[in-house]
Structure formats: C-alpha cells, structure tokens
1. Amide H of residue 17 versus every other amide H placed in the peptide plane: which residues, excluding those fewer than 5 positions away on the same chain, fall under 5 Å?
2. Can you tell me how much longer the chain between residue 47 and residue 24 gets when fully stretched, taken as 0.36 nm per residue apart minus their C-alpha distance, in nm with one decimal?
3. Around residue 26, which amide H atoms from residues at least 5 apart in sequence, or from another chain, sit under 5 Å from its own amide H, with H modelled in the peptide plane?
4. Applying the Karplus parametrisation 6.51 cos²θ - 1.76 cosθ + 1.60 with θ = phi - 60° to the phi angles of segment 21-34, what ³J(HN,Hα) value in whole Hz is obtained for each residue in order, glycine and proline being reported as x?
Amino acid sequence: MEDVQAWTTIFQAVDRFYLWDGMDDGVFEIALRDIREIYLVISQSKLRELERERVTRILA
C-alpha cells in the first residue's frame, strides 16, 4: 500500500506489517497484524492513528 502524496509505504515482512516514511526515511512496525484492521483504521481516521513503533535496527 503506498500513499505517494504522504510519501509513505506499508509493506509486509513475514507476519508483520511495517510503514516506511519517505520524508524522514524512518521504518515503523505496525502493532496490528491484520491488513483489514490496518485498512479500517486508515479509512476511518488517518494514517497517523496507527499504533506503531520505530524500528531502530534491521537484521539481515
């Protein structure tokens, strides 16, 4: 899922969803595990309402 006007992309890695914020080049793990729940939060409020935590280190 990508919002080019807000410079954000939501992507999935294994069983977790992440949000990449292109403006500050930050990656955040989204607390929700179901894409339908993520969609509902975004559609009913705003992207900023998603509960998330900044990923400080990515393991390869």
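1. Excluding prolines and chain starts, which carry no amide H, the hits are 30.
2. Numbers: separation 23, 0.36 × 23 = 8.28 nm, distance 1.55 nm.
Extra length available between residue 47 and residue 24 comes to 6.7 nm.
3. Residues meeting the amide H criterion: 21.
4. Residue by residue, segment 21-34 yields 9, x, 5, 10, 6, x, 10, 10, 7, 8, 5, 6, 10, 10 Hz.
No value in this document is a laboratory result; all are computed from the given coordinates. Keep in mind the model is a prediction, meaning the values are calculated, not measured.
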